[in-house]
Amino acid sequence: MRFAYADPPYPGQAAKHYKNHKDYGGEVDHKLLIEKLCGDYPDGWALSTSSPALQSVLFLCPSDVRIMAWVKPFASFKPNVNPAYAWEPIIVRGGRKRGRDLLTVRDWISANITLKKGLCGVKPPAFNRWIFDIMGAVADDEFVDMFPGSGGFDRDWQEFKKGAM
């Protein structure tokens, strides 16, 4: 099977976090991104977004998606932001059906944020493993990282395929 994970700059945040990055290309067109995910990855995909953007991004998605949650027990607390942004929605479509012989995967994960990885928003290995499990991925599947950034997702996928994760 062929899956994709997309962790683009969240709507309205591209310039704030990435304008000085060598690959900066402006705001991501989420309508086109979701069309590409649906067209190129019919087996399944996952898309990270922010809670403030969830409504507008979800509006662009087909009706058969599910919302998952990444809960961050340790998150950056910003001045004058209360309550804190301590979770992120993950929009998921498709995936391999899991039988009752496999452990049930929760629709949420609790994992700390990463720090000092060179880019804002780098996901921790536990999060990436959870995405592989949500999709029901196995070693001979293809898993494409649409926004490779730090390369962590691809590294974790290679570890997963070797059975080391």
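The values are calculated or read from the model by the stated rules, or taken from the named source; none is laboratory data. Being a predicted model, the structure only gives us computed values, none of them experimental. Cβ coordinates were reconstructed from backbone atoms using ideal geometry, including for glycine residues, and neighbour counts include every protein chain displayed.
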At least 2 residues that are crowded, with 16+ Cβ neighbours inside 10 Å in each: list the strands (runs of 3 or more DSSP E) lying fully within the stretch 33-117 that qualify. 44-48, 66-71, 87-94
When residue 30 is evaluated against the numbered criteria (1) touching a helix residue (DSSP H, G or I) at 6+ places or on another chain (Cβ under 9 Å); (2) surrounded by 15 or more Cβ atoms within 10 Å (Cβ to Cβ); (3) at pLDDT 95 or above, which criterion, by number, is the only one it fails? (3)
Residue 66 fails exactly one of (1) at pLDDT below 95; (2) within 21 Å of residue 136 (Cα to Cα); (3) basic (Lys, Arg), namely (1)
Are any residues in the stretch 69-92 in contact with a strand residue (DSSP E or B) (Cβ under 9 Å, 6 or more places away or on another chain) and more than 19 Å from residue 42 (Cβ to Cβ), and if so, which ones? 69, 70, 71, 72, 73, 75, 86, 87, 88, 89
Given (1) closer than 27 Å to residue 29 by Cβ; (2) over 15 Å from the mean Cα position of the chain (by Cα), number of the condition residue 139 does not satisfy: (1)
I'm told residue 153 meets every condition in (1) farther than 25 Å from residue 36 by Cβ; (2) of a type in the set (Phe, Trp, Tyr); (3) surrounded by 12 or more Cβ atoms within 10 Å (Cβ to Cβ) except one. Can you identify the failing condition by its number? (1)
Residue under evaluation residue 15, criteria (1) in a helix (DSSP H, G or I); (2) small (Gly, Ala, Ser); (3) modelled with pLDDT of 90 or more, criterion not met: (3)
